[in-house]
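Enquirer: Below you will find the structure I want to go over with you.
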Amino acid sequence: MRTLILCGGKGTRAYPHTLELPKPLLEVGGRPVLGHVMEIYARQGFCDFVLAAGFKVEQIEEFARTLPSNWRVEVRDTGVDTNTGGRVILCAPDMGERFFLTYADGLGNVDLGALLEYHDNTGGSASVTVVPLPSQYGTIDSDETGRVTHFTEKPRLPDHWINAGFFVMDASAARWFGGQDLERDILPTLGQAGELFSYRHHGFWKSMDTHKDSLELTALCEEDGEPPWTMSRLEMKETVG
């Protein structure tokens, strides 16, 4: 089973660190975040990758040559200005009857076997992993008089779920591939057709959207033990319940 990783964007939210370096190659713990993403899959037995590159594609190709020799890695130039959906459309015909799809900057201890089992049981042609919305602000609880009773620093909001990547798609999903934007065109169309299902992940997940995010993820690498996105499958099951 192949894994398609979207690696072609310009990473404008991480400017100026992405002026000369593709965002997937920004480092977390001294190594490109893309390497961490690929290891999430490889540690669970999925070592066949297609990297949908674009911006600074030659640097992605150079990075790919440093990866373990027992991984199968294809770097495909999908164009500098191609949007996320366009990259999927270009690569999907060569991904097989069922494939993983994810972003190059989201790290999580997602149990891929459980995700596949969930997907197979839905009967849909696509599944997306969702996580509780992480608030960028702290929240304040007050009593009926307005007296502050509790602060919570940047909580996760369990009533709101967001796209965390870590998709499974069947080849049949291509029937609903319209438009060039994965999030604004393809996923809504799949949802309207009743073909898209959400797999709820309650464990660790964090995206690296900005340089500040890379520093926070690096700090997690420096703590004792393995980073939380490299937990063993047994620990994953205990985490997600």
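Enquirer: Would you check if residue 51 is surrounded by 19 or more Cβ atoms within 10 Å (Cβ to Cβ), closer than 13 Å to residue 25 by Cβ and out of contact with any Leu (no Cβ under 7 Å at 6 or more places or on another chain)?
Expert: Yes; evaluated as a whole, the condition is true for this residue.
Enquirer: Residue by residue through the stretch 42-59, note down the ones that are touching a strand residue (DSSP E or B) at 6+ places or on another chain (Cβ under 6 Å) and not in a loop (DSSP other than H, G, I, E, B).
Expert: Of the residues in the stretch 42-59, the ones touching a strand residue (DSSP E or B) at 6+ places or on another chain (Cβ under 6 Å) are 46, 48-53, 57.
Scanning the stretch 42-59 gives 48, 49, 50, 51, 52, 53, 57.
One line per residue, one yes/no per condition, for (1) farther than 30 Å from residue 215 by Cβ; (2) of a type in the set (A, V, I, L, M); (3) assigned to a strand (DSSP E or B):
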residue	(1), (2), (3)
38	no, yes, no
61	no, no, no
68	no, no, no
76	yes, no, yes
87	no, no, no
91	yes, no, no
107	no, yes, yes
116	yes, yes, no
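Matching residues to (1) hydroxyl-bearing (Ser, Thr, Tyr); (2) at pLDDT 75 or above:
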position	(1), (2)
122	yes, yes
125	yes, yes
128	no, yes
133	no, yes
137	yes, no
140	no, no
144	no, yes
149	yes, no
153	no, no
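Enquirer: Among the residues in the stretch 58-66, are any surrounded by fewer than 16 Cβ atoms within 10 Å (Cβ to Cβ), of a type in the set (Ser, Thr, Tyr) and farther than 11 Å from residue 4 by Cα?
Expert: Here is the first cut: in the stretch 58-66, the ones surrounded by fewer than 16 Cβ atoms within 10 Å (Cβ to Cβ) are 58, 61-62, 65-66.
Narrowing further to those that are of a type in the set (Ser, Thr, Tyr): 66.
From the residues that got through so far, the ones that are farther than 11 Å from residue 4 by Cα too are 66.
Yes, some residue in the stretch 58-66 is surrounded by fewer than 16 Cβ atoms within 10 Å (Cβ to Cβ), of a type in the set (Ser, Thr, Tyr) and farther than 11 Å from residue 4 by Cα.
Enquirer: Looking at (1) under 30 Å from residue 178 (Cβ atoms); (2) open to solvent by 20 Å² or more (accessible area, probe 1.4 Å); (3) among the aliphatic types (A, V, I, L, M), which one does residue 4 not meet, given that it meets all the others?
Expert: Answer for residue 4: the failing condition is (2).
The values are calculated or read from the model by the stated rules, or taken from the named source; none is laboratory data. Owing to the predicted nature of the structure, the values given are computational and were not obtained by experimental measurement. FYI the Cβ positions are ideal-geometry reconstructions off the backbone, even for glycines, and counts take in every protein chain you see. For the accessible areas, the whole protein counts, side chains as well, though only heavy atoms, and no ligand, DNA or RNA atoms are used. Shrake-Rupley method; radii C 1.70, N 1.55, O 1.52, S 1.80 Å.
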